[in-house]
1. Just the residues that are within 21 Å of LYS183 (Cα to Cα) and of a type in the set (Ser, Thr, Tyr), please, taken from the range 14-33.
2. Determine, yes or no, whether LEU153 is assigned to a strand (DSSP E or B), open to solvent by less than 80 Å² (accessible area, probe 1.4 Å) and in contact with a Lys or Arg (Cβ under 8 Å, 6 or more places away or on another chain).
3. Looking at this structure, is SER25 touching a Phe, Trp or Tyr at 6+ places or on another chain (Cβ under 7 Å) and either assigned to a helix (DSSP H, G or I) or open to solvent by 60 Å² or more (accessible area, probe 1.4 Å) (or both)?
4. Across the range 56-109, which residue is farthest from TYR46 (Cα to Cα) among those that are without any contact (Cβ under 8 Å) to a residue 60 or more places away in the chain and not in a helix (DSSP H, G or I)?
5. Of the numbered conditions (1) in contact with a strand residue (DSSP E or B) (Cβ under 8 Å, 6 or more places away or on another chain); (2) hydroxyl-bearing (Ser, Thr, Tyr); (3) open to solvent by less than 40 Å² (accessible area, probe 1.4 Å), THR125 satisfies every one except a single condition; which is it?
6. Restricting to the range 156-177, and then to whatever is in contact (Cβ under 8 Å) with a residue 60 or more places away in the chain and assigned to a loop (DSSP other than H, G, I, E, B), can you tell me which residue is surrounded by the most Cβ atoms within 10 Å (Cβ to Cβ)?
7. Looking only at the range 128-144, which residues are within 24 Å of ARG97 (Cβ to Cβ) and either open to solvent by 80 Å² or more (accessible area, probe 1.4 Å) or assigned to a strand (DSSP E or B) (or both)?
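The values are calculated or read from the model by the stated rules, or taken from the named source; none is laboratory data. Everything quoted here is computed from the prediction, not taken from an experiment. Glycine gets a Cβ as well: all are built from the backbone with ideal geometry, and neighbour counts include every protein chain shown. Protein only, heavy atoms only, side chains kept; ligands, DNA and RNA dropped before computing areas. Shrake-Rupley method; radii C 1.70, N 1.55, O 1.52, S 1.80 Å.
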Amino acid sequence: MMNEEPNVVQDLPIFICNTVVDAESQEEATGFAMKKRQLYTDLFLYGSCGLMILYLIIDTVRTQSYGKNAVLLAVVLGLLIYMAIARKTLPRKTMERWEASVRRKYGTNGLHLTTEFYERSLAQTLMEDEDQLACTGYSAIFELQETENLFLLRYGKNLYYFVSKKGFTKGSPEAFRSFIQEKIGGK
């Protein structure tokens, strides 16, 4: 009797996609994913400042406390200006810091990902560090979001797989969209 090894055939990927995650794609994804949260935060902050300004104006007219309320009004207006400037500059500074950390760690401005989609799971490798391999079943993915250039597969509160719409080397973005919508949540 011969000891033969069983003939194991590995599944071939249905889709293969190469994605570069750089500051531009990070900014696109973050802006899209945070749009609602940012809207609610803006409404709360600007609404609160507006109410404070309204209160200070009413209090000034009612009590004739021009000096005290003028200082508080200047502080609130300064806060509004600071929030508006921070809203414009903070995302850019955050992306610059992210890019600098990637450059320090990997010597490049972007991370190069290859994602292979199989019948029951996906595998994502990072070209800069092939030891970093992410494998998961589709049941872990619970939402598909799309930006102009990316498919964002959400698998945690703020965790996403980035898949470039222009990076498919096997399959097409349209076929992938149909495929992944059927697979999300382990369907």
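1. THR19
2. no
3. On the way: touching a Phe, Trp or Tyr at 6+ places or on another chain (Cβ under 7 Å): yes; either assigned to a helix (DSSP H, G or I) or open to solvent by 60 Å² or more (accessible area, probe 1.4 Å) (or both): yes.
It is true that SER25 is touching a Phe, Trp or Tyr at 6+ places or on another chain (Cβ under 7 Å) and either assigned to a helix (DSSP H, G or I) or open to solvent by 60 Å² or more (accessible area, probe 1.4 Å) (or both).
4. Residue satisfying both the conditions and the ranking: GLY107.
5. (3)
6. Among those that are in contact (Cβ under 8 Å) with a residue 60 or more places away in the chain and assigned to a loop (DSSP other than H, G, I, E, B), it is GLY167.
7. ASP129, GLN132, ALA134
Results for (1) under 19 Å from the mean Cα position of the chain (by Cα); (2) not hydroxyl-bearing (Ser, Thr, Tyr), shown as yes or no for each residue.
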{"site": "VAL21", "(1), (2)": "yes, yes"}
{"site": "LEU51", "(1), (2)": "no, yes"}
{"site": "LEU54", "(1), (2)": "no, yes"}
{"site": "LEU73", "(1), (2)": "no, yes"}
{"site": "THR94", "(1), (2)": "yes, no"}
{"site": "ARG103", "(1), (2)": "no, yes"}
{"site": "GLY107", "(1), (2)": "no, yes"}
